[in-house]
1. Filter segment 16-60 down to the residues that are free of Cβ contacts under 8 Å to residues at least 40 places away in the same chain and in contact with a Lys or Arg (Cβ under 7 Å, 6 or more places away or on another chain) and list them by number.
2. Pick from 28, 46: which is surrounded by 15 or more Cβ atoms within 10 Å (Cβ to Cβ) and of a type in the set (S, T, N, Q)?
3. For segment 1-114, which fully contained helices (runs of 4 or more DSSP H) count at least 3 residues that are over 24 Å from residue 230 (Cα atoms) and at pLDDT 95 or above?
4. Starting from segment 61-79, take each residue that is within 23 Å of residue 34 (Cα to Cα) and without any contact (Cβ under 8 Å) to a residue 60 or more places away in the chain and list its partners that are crowded, with 19+ Cβ neighbours inside 10 Å and of a type in the set (Asp, Glu), counting only C-beta distances under 9 angstrom and pairs at least six apart or across chains.
Amino acid sequence: MNRNKFDAILEKIIKVHGVKIDRQNFLNKELSKYFSEDVVKKAIHNNPAIAGIGVSEINKIADKVIAYEIRQSTLISTIIGIPGGIAVAGTIAIDITQYLGHIIRITQKLAYLYGWKDMFDNNEELSKDTIEHMTLFMGVMFGVDLADNAVVKLAQSAALNIEKKILQRALTRSAVYPIIKKAASILGMRISQQSFFAGVGKTIPYIGGVVSGIVTYITMKPLAFNLQEALSELPLADISFYKN
């Protein structure tokens, strides 16, 4: 899968209702359960680390967020997979869409918890910058080393409050650009492989629904934790970085 095709798929899924996460509402909802109003406001205006919320505390919230998204995706996958047989073609397409939709929801939620700014512009339009960030985050989830390196570079720039326009130029013109292109290609192949194995279980009526749900659970969980681990180690999530 080339980058243009992958970008088109990603863009289509992000536009599905419920996939895009509102950063302010999400952080307010999750953080207000444990922290004062002043701390939550500061976390939303800047990020949780600047507000004094440590990685260990964010990890606990992230674990619950991940568990919620996986439960939702697993349930949907199980229900969709029940028909099996001749209905399998249509259900596979729907299941792949909902699976990737939840993956994208997880990337946004984890990014916001671990200090990244809003991925969308004020007019909520889907920019090229958003697509590229999503690609890198998903690349980290799927174990693409090139994506790991690129995210570290971007996090260092973001933590130092480099102007967004400068950051965008660095993202498209520096060595990060070919990394994104390569990561999209590798990521496309890995998603296709996982989609194939998830679809195989659907060929058996009723039992296929259970198999599909299990496959969704066991594949999504490690992907989410891959990204969580990577983001938790970046300076954006480190209180001491800002103190220094």
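1. The one that is free of Cβ contacts under 8 Å to residues at least 40 places away in the same chain and in contact with a Lys or Arg (Cβ under 7 Å, 6 or more places away or on another chain): 51.
2. On the way: 46 fails: surrounded by 15 or more Cβ atoms within 10 Å (Cβ to Cβ).
Within the list 28, 46, the selection yields 28.
3. On the way: elements: 3-14, 23-31, 37-45, 55-81, 88-113.
Ranges flagged: 37-45.
4. As it stands, the answer is 61/30; 64/30; 65/30, since those pairs meet every condition given.
The values are calculated or read from the model by the stated rules, or taken from the named source; none is laboratory data. Given the structure is predicted, the values throughout are model-derived calculations rather than measurements. Ideal geometry is used to build each Cβ from the backbone, glycine not excepted, and the neighbour counts take in all protein chains shown.
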